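This report concerns only the one structure given below.
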């Protein structure tokens, strides 16, 4: 009888310990490798969208060189802002996005997508839009009626005086997506992150080559409406693939040096803009098309001519 009691007691203790260890293992496995969230579920126009996240300690690089790349997408899938930041030693990271500007006019469900190396995750929040917001299904509004003021008649018969309505101020021009109206013209809205490929290739946002690209963008290209329109379309295309290329550069030193060598002719051609005055739409179009044709010649035409000559020489031999 005593032996049976000891056996049952040992079995009960073993079951409790097994359950505790299993619960602990499940609790450890419940921590996601990459998580992200917003401080509030709903934001309005002018609010600061606070984004916080955590990278699991098991994924942190020993050199802590991988950045977390975060994209803010509108309810229609348009890219609004992009950020990148290296998490701290505990894996924590955070960003702040200002909910203002032409890209924040459409109310609806906005998405924040994040990726760290091969890990990806996303979270959504509601944007109410605030004053001047455009609902997801826009409807035309009726024009405001003209208010006519009448002067009260005095005992002596006098003609009715109709006050003319005050002239309405001229509306601001509607700028294209990715631009904002400043100082009488549309300029590109600043996006965080900068040139991801060049930054990864040269190792820092403060590298002379990266600063040179930033100066050309802000001081030359974006000073005209044509340049601003070009940068808006180019950013939508560029940020669709540049985060993946930048990650590959950090993982593969050989690929990093190859990219650095490949973009050197492009940087050399852009230095031509430092020696010319770009003040008009015609000038930016002329110089821009000329530099594009020059790069096509360097990257495509010249190698093709060399290959054709080598093939012909080999046939003659």
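The values are calculated or read from the model by the stated rules, or taken from the named source; none is laboratory data. Remember, it's a predicted structure, so these values are computed and weren't measured experimentally. So basically every Cβ, Gly included, is an ideal-geometry build from the backbone, and we count neighbours across all protein chains shown.
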Taking the criterion of being in contact with a strand residue (DSSP E or B) (Cβ under 6 Å, 6 or more places away or on another chain), outside the structural domain of residue 119 (by TED's automatic domain parsing) and free of Cβ contacts under 8 Å to residues at least 40 places away in the same chain, would at least one residue in the stretch 222-234 satisfy it? yes
Name, by its number, the condition in (1) modelled with pLDDT of 85 or more; (2) under 22 Å from residue 242 (Cβ atoms); (3) part of a loop (DSSP other than H, G, I, E, B) that does not hold for residue 40. (2)
Quick check on this structure: which one of 232, 271, 258, 280 is modelled with pLDDT of 85 or more and on the phi < 0 side of the Ramachandran plot? 258
Here is a list of conditions, (1) in contact (Cβ under 8 Å) with a residue 60 or more places away in the chain; (2) touching a helix residue (DSSP H, G or I) at 6+ places or on another chain (Cβ under 9 Å), and residue 266 meets all of them except one; can you say which number that is? (1)
Starting from the stretch 290-317, keep only residues that are in the same structural domain as residue 266 (by TED's automatic domain parsing), then list their pairs with residues that are at pLDDT below 85 and part of a helix (DSSP H, G or I) whose Cβ atoms are within a distance under 8 Å, requiring at least 6 positions of separation or different chains. 291/269; 291/270; 291/272; 291/273; 294/269; 295/266; 295/269; 298/269
Matching option when the condition is farther than 28 Å from residue 115 by Cβ and modelled with pLDDT of 85 or more, among 253, 265, 243: 265
Evaluate the following for residue 51: is it buried (at least 17 other Cβ atoms within 10 Å of the Cβ), within 19 Å of residue 244 (Cα to Cα), at pLDDT 85 or above and not assigned by TED's automatic domain parsing to the domain that holds residue 196? no
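crowded, with 16+ Cβ neighbours inside 10 Å, assigned by TED's automatic domain parsing to the domain that holds residue 300, in contact with a helix residue (DSSP H, G or I) (Cβ under 7 Å, 6 or more places away or on another chain) and not in a helix (DSSP H, G or I): does that describe residue 278? Spell out how you get there, then give the answer.
Working: crowded, with 16+ Cβ neighbours inside 10 Å: yes; assigned by TED's automatic domain parsing to the domain that holds residue 300: yes; in contact with a helix residue (DSSP H, G or I) (Cβ under 7 Å, 6 or more places away or on another chain): yes; not in a helix (DSSP H, G or I): yes.
Yes, satisfied.
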Among the residues of the stretch 64-105, which ones are in contact (Cβ under 8 Å) with a residue 40 or more places away in the chain, assigned to a strand (DSSP E or B) and under 18 Å from residue 118 (Cα atoms)? 68, 69, 70, 71, 82, 83, 84, 92, 93
